[in-house]
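The values are calculated or read from the model by the stated rules, or taken from the named source; none is laboratory data. Everything numeric in this text was worked out from a predicted model, so none of it was measured. Note that we place each Cβ from the backbone using ideal geometry, even for glycine, and neighbour counts take in every protein chain shown. All accessible areas refer to the heavy atoms of the entire protein, side chains included, with ligands and DNA or RNA removed. Shrake-Rupley method; radii C 1.70, N 1.55, O 1.52, S 1.80 Å.
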Amino acid sequence: MALSDIRRVLISDSLAPACAHILRSQGGIEVTETPGLSPQELLSQIKDYDGLIVRSATKVTSDVLTAGTRLKVVGRAGTGVDNVDVEAASKRGIIVMNTPTGNSLSAAELTCGLILSLSRQIPQAAASMKNGKWDRKKYMGSELHGKTLGILGLGRIGKEVAIRMQSFQMKTIGYDPIIPPEVTAEFGVQQFPLDEIWAQCDYITVHTPLLPSTTGLINDAAFSKCRRGVQVINCARGGIIDEAALLRALESGQCGGAGLDVFTEEPPRDRALIEHPLVVSLPHLGASTHEAQNRCGEEIALQIVDLVKERALVGAVNAPALTKAFSSETKPWIKLGEALGRLLHSLLPQVNGEIQVTTTGGALKNYGSFLCSAVAIGLLQNADKKVNLVNACFFAQEVGIQVTSRYSSDSAESRLEVSGGGLSLLGGLSGDTPCLIQIGSSPFRSSVSLKGTLLVWTGETNLPKLVEVLASAASQLQTFHVSSGYSVAEVSAPLSDVSALGSCLQIALPA
Ligand code: NAD
Ligand code: MLT
């Protein structure tokens, strides 16, 4: 299943027209745009497509991925992939890619808008004017100048929020378990342990992904440690602020206001928060700007075109090891890895445990991770599953094989060695053709092309018998290689029966 064989793409959410245009004009891809498909319609139509592009409305469930028997890629025009069952996609060998930077500025600007809205109750005051009122007392606000903003999650959006709110002379502090304090200090955010954040803040905004560790990050316990009247903003994902705890805090006065763009259920059926007078709520508009939509639509289309043209794999969230796997330089090495895996499996059908992939030569220094996947494809040649570079290591693990890689600077020559079960195979390239250089400690006098049909013997070969069997099968001997311990014949056509050739293994490799 070639991951780049993407001919038909379904766009099932509303996306900028640039997306379909780029797919058609630059990728030669047939595109169907049907935003608003029901889950049932999606299930029945997805089988006809190699690619699916969504925003957040389409739920790409395991059922959708199973029904999509041709699917190779799911593109998310946006950041969060929580509407895609990424694990199920990985198991089925489907790449999931997103465009994580395209809407960051829009989400950051909206967050700043919510902070301003909360400080001066702008939406509430505007609504009262529309209701014919002129209420100057009720909407007394407070300045942002000199106030402290706590930012939980200091990645792309958290950083942009900090930079913007500093222009209001807010003090910006925060917490992020991954981004080092010296990095955030460069954009003016001093980090503190989470427990020391709560009591310092007038406003707290969350910019983390929704993970088990961030679900309910702001909960009853956190609110109880905050300053009375703290205001909170969630433009990230519903549930990072515990909605029930927020309602309790608003009702008790512990929380003085909330700006919410996202909800645990969208659209929310429970209206208690939305109707609360101190809540400013929006229907998930963080990325809803022309600029962000154009960027995300263009980016996801260009990423898929790059995949189709086998130029690069950009933005894959479930196949980071494959980032460098799609280029003309890497293709022959992937073929070699698959061939060596296949050969090892043929020589040692029961092989399991650790299979070590060793690369040498500067050019192969960063190839280890995807060559592991390539070798695993070869090892799993008899699996009755669709195995590809995305899911091969996963399936290998399921049958007790761990493929690991290492780089060795012992040789300057570009070489790939696959070893396991007490046997090692050394390969390289002759031009773009994968070649076997050595089995175990015995090099072949000239390397064996790993393509077409190979016959492999351990020990001696009865050459006259081989010639006789080949003649009766209308197959020809093309090359014959001997090393101490192994003989390999390259023949022009496969044999239906090799039993007359002693301990002979027939191995079919791509031409
Ligand atoms: P990012 O990956 O750049 O940053 C997220 C940061 O959160 C990371 O630095 C990570 O280390 C940090 N983090 C993880 N666990 C944490 C924890 N327990 N406490 C504190 N920090 C933690 O992501 P981003 O692009 O900045 O997006 C942030 C969020 O915004 C995501 O949930 C994304 O889905 C959402 N988003 C929403 C909209 C919208 O329309 N409202 C638009 C874009 C993105
Ligand atoms: C995102 O994660 O990119 C946003 O939530 C925006 C969207 O859903 O389109």
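For segment 229-333, the Cβ-based charge dipole about the Cα centre amounts to some 340 debye (Lys, Arg positive; Asp, Glu negative; other atoms uncharged).
Just grab the label-to-label distance for Thr264 and Ser408, each label 7 Å out from Cα along the Cβ direction, in nm (one decimal). Result for the modelled spin labels: 5.5 nm.
At an R0 of 56 angstrom, the distance between the Cβ atoms of Asn366 and Ala244 translates into a FRET efficiency of 0.75.
Between the C-alpha center of segment 17-38 and that of segment 188-228 there is a gap of 41 Å.
An ellipsoid equivalent to segment 391-511, defined through the eigenvalues of its Cα gyration tensor, has semi-axes of 28, 18, 14 Å when rounded to whole angstrom and sorted largest first.
Find how many whole Å separate the alpha carbon centroid of segment 387-441 from the alpha carbon centroid of segment 239-283. With segment 239-283 and segment 387-441 each reduced to a Cα centre, they are spaced 54 Å. 3J(HN,Hα) couplings calculated from phi for segment 56-61 with the Karplus curve 6.51 cos²θ - 1.76 cosθ + 1.60 (θ = phi - 60°) are, in sequence order, 9, 6, 6, 9, 8, 7 Hz; Gly and Pro show x.
Overall shape of segment 202-331 was characterised from the C-alpha gyration tensor. The equivalent ellipsoid obtained from it has semi-axes of 40, 16, 11 Å, in decreasing order.
Normalised by the number of residues in the chain, the average gap of Cα pairs under 8 Å and 6 or more apart makes the relative contact order 11 percent. For the chain, the longest principal axis of the alpha carbon atoms and the long axis of helix 156-166 meet at an angle near 30°. Entry for segment 139-183 at q = 0.20, 0.32 Å⁻¹: log10 I(q)/I(0) = -0.64, -1.16, Debye formula applied to identical alpha-carbon scatterers, no solvent contribution.
Across the protein chains, with a 1.4 Å probe defining accessible surface, the residues Ser25, Ser419 rank Ser25, Ser419 from largest area downward.
Taking the Cα atoms only, what angle lies between the long axis of helix 104-120 and the longest principal axis of the chain, rounded to 10 degrees? Approximately 20 degrees, to the nearest ten.
Please give me the summed charge of the neighbours of Tyr49: other residues whose Cβ is under 10 Å from its Cβ, Lys and Arg +1, Asp and Glu -1. Once all neighbours under 10 Å are counted, the net charge is +2. Normalised by 2.2 N^0.38 Å, where N is the number of residues, the alpha-carbon radius of gyration of segment 336-377 equals 1.19. In segment 27-86, the alpha-carbon atoms span a convex hull of 85 Å³ per residue.
Measuring nothing but how far apart in sequence close Cα pairs (under 8 Å, 6+ apart) lie, relative to its length, segment 52-111 scores a relative contact order of 36 percent. Taking a point 7 Å from the Cα of Leu477 along the Cα-to-Cβ direction, none of the residues of segment 430-458 has its backbone N closer than 11 Å to it. Roughly what percent of Cα-Cα pairs across segment 1-135 reach past 23 Å? Counting pairs separated by more than 23 Å, the tail of P(r) holds 44 percent. Treating each Cα of segment 83-183 as an identical point scatterer and summing with the Debye formula, the log10 of I(q)/I(0) at q = 0.10 Å⁻¹ comes to -0.46. Remark on segment 254-307: ratio of C-alpha radius of gyration to 2.2 N^0.38 Å is 1.64. Its residues counted as N, the chain yields a C-alpha radius of gyration over 2.2 N^0.38 Å of 1.26. Helical runs (DSSP H, four residues minimum) scored at -39500 (n - 2.57) apiece and divided by the length of the chain put the mean residue ellipticity at 222 nm at -9000 deg cm²/dmol.
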